[in-house]
Amino acid sequence: MLRISLRVILAGGVSLVACASADANTDSASRALVPHRAIYDLKLKDASERSGIEGMVGRMVYEFTGSPCTGFSTNFRLVTKINTGEETRLSDQQTTTFEDMAARQFHFETKSFTDEQLDKQISGEASVAENGVKVEITQPDGREVDLPASVFPTGHMLDVIQNAKDGKNFFEARVFDGSEDGDQALLTTTVIGKQQEPEKGDVDADKAGEFSRAPFWPVTIAYFNETAQGDPTPVYNMSFKLYENGVTRDLTMEYGDFVLSGSLTRLELLKQQDPCPAPAK
């Protein structure tokens with residue numbers, strides 16, 4: 001699961017998966033997450049006149065490796081071509097993250113290119129502190145930010161999976177993922193549907209390889225700015241089909257003025273480099 005910020009699509013900025021909490025249930029669930037490389041084709045599903053977008057296509061490559069005892073790493077690249085009717089712009093986003101579960105630390109680094117020119121670079125470290133999350137941003141400027149208690153993305157992913165297993169269809173959380181300028185967390189609301197079986201003729205499911213017939217949960221996550229007043233509207237909605245092992249497919253990303261769809265075109269399972277020892281009975 002990953003969140004793609006509006007800045008990524010229109011110029012640069014991003015988020016990603018790479019962290020997990022440390023209680024026993026979460027540790028057991030995180031062992032079920034499979035290392036994998038997934039490729040998604042993106043296309044414009046809908047756009048208002050106000051968006052100024054006439055066409056958009058792209059490709060997203062997401063690689064997830066590691067284990068709860070060695071930490072989780074991700075490598076992510078998103079390339080989009082945007083047609084405004086007056087010009088075509090190429091955006092290239094490259095992000096790496098690493099989560100040290102034992103230390104409860106999260107490293108993030110993002111490079112954003114527009115028309116092959118580097119226009120932004122963000123890197124930093126986040127760690128769980130006594131009263132929240134402390135973020136140390138190393139690029140583009142050295143500064144520290146204190147945020148309220150938040151979970152990191154894979155920790156949030158595991159919470160989604162656990163809630164789905166428990167039959168809970170709604171919960172809220174504050175998530176820090178290093179996106180935008182790396183200095184804010186977002187409030188989220190997650191809605192989980194009942195577990196389903198793939199329908200016949202589901203092309204996106206067929207791309208999931210050995211999981212093509214596995215059951216999944218339909219999930220929708222809405223992200224809100226912390227500072228929003230009154231009855232805020234989400235800055236971003238993401239819907240997808242989620243497997244128990246953390247693989248996602250059939251993405252829909254809503255940014256208000258436009259909507260993108262993402263279809264899984266290839267899923268490759270990767271070898272676990274350093275599996276954790278089995279938990280003691």
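The values are calculated or read from the model by the stated rules, or taken from the named source; none is laboratory data. Not measured: the values here are computed from a predicted model. Every residue, glycine as well, gets a Cβ built from its backbone with ideal geometry; the counts of neighbours run over all protein chains shown.
Table: residues versus (1) farther than 16 Å from residue 184 by Cβ; (2) basic (Lys, Arg); (3) in contact with a Gly (Cβ under 8 Å, 6 or more places away or on another chain).
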{"position": "99", "(1), (2), (3)": "yes, no, yes"}
{"position": "121", "(1), (2), (3)": "yes, no, no"}
{"position": "126", "(1), (2), (3)": "no, no, yes"}
{"position": "137", "(1), (2), (3)": "no, no, yes"}
{"position": "143", "(1), (2), (3)": "no, yes, no"}
{"position": "146", "(1), (2), (3)": "no, no, yes"}
Residue in the stretch 49-67 that is of a type in the set (D, E, K, R), more than 21 Å from the chain's Cα centre (by Cα) and assigned to a strand (DSSP E or B) present: no
Selection from the stretch 187-214 of residues that are surrounded by fewer than 19 Cβ atoms within 10 Å (Cβ to Cβ), among the small types (Gly, Ala, Ser) and either in a loop (DSSP other than H, G, I, E, B) or in contact with a Cys (Cβ under 8 Å, 6 or more places away or on another chain) (or both): 193, 201, 212, 214
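Report whether or not residue 32 is among the aliphatic types (A, V, I, L, M), over 23 Å from residue 241 (Cα atoms) and outside any strand (DSSP E or B). Working first, answer last.
Details: among the aliphatic types (A, V, I, L, M): yes; over 23 Å from residue 241 (Cα atoms): no; outside any strand (DSSP E or B): yes.
Here the answer is no, as residue 32 does not meet what is asked.
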For residue 83: the one exception among (1) on the phi > 0 side of the Ramachandran plot; (2) modelled with pLDDT of 90 or more; (3) not β-branched (Val, Ile, Thr): (1)
Failed item, numbered, when residue 105 is tested on (1) buried (at least 21 other Cβ atoms within 10 Å of the Cβ); (2) polar (S, T, N, Q); (3) in contact with a Ser or Thr (Cβ under 6 Å, 6 or more places away or on another chain): (1)
Close pairs from the stretch 173-195: first under 15 Å from residue 122 (Cα atoms), partner of a type in the set (Asp, Glu) and part of a loop (DSSP other than H, G, I, E, B), Cβ under 9 Å, at least 6 apart: 184/226
Residues that are at pLDDT below 95 and either of a type in the set (Lys, Arg) or within 24 Å of residue 155 (Cβ to Cβ) (or both), drawn from the stretch 190-207: 200, 207
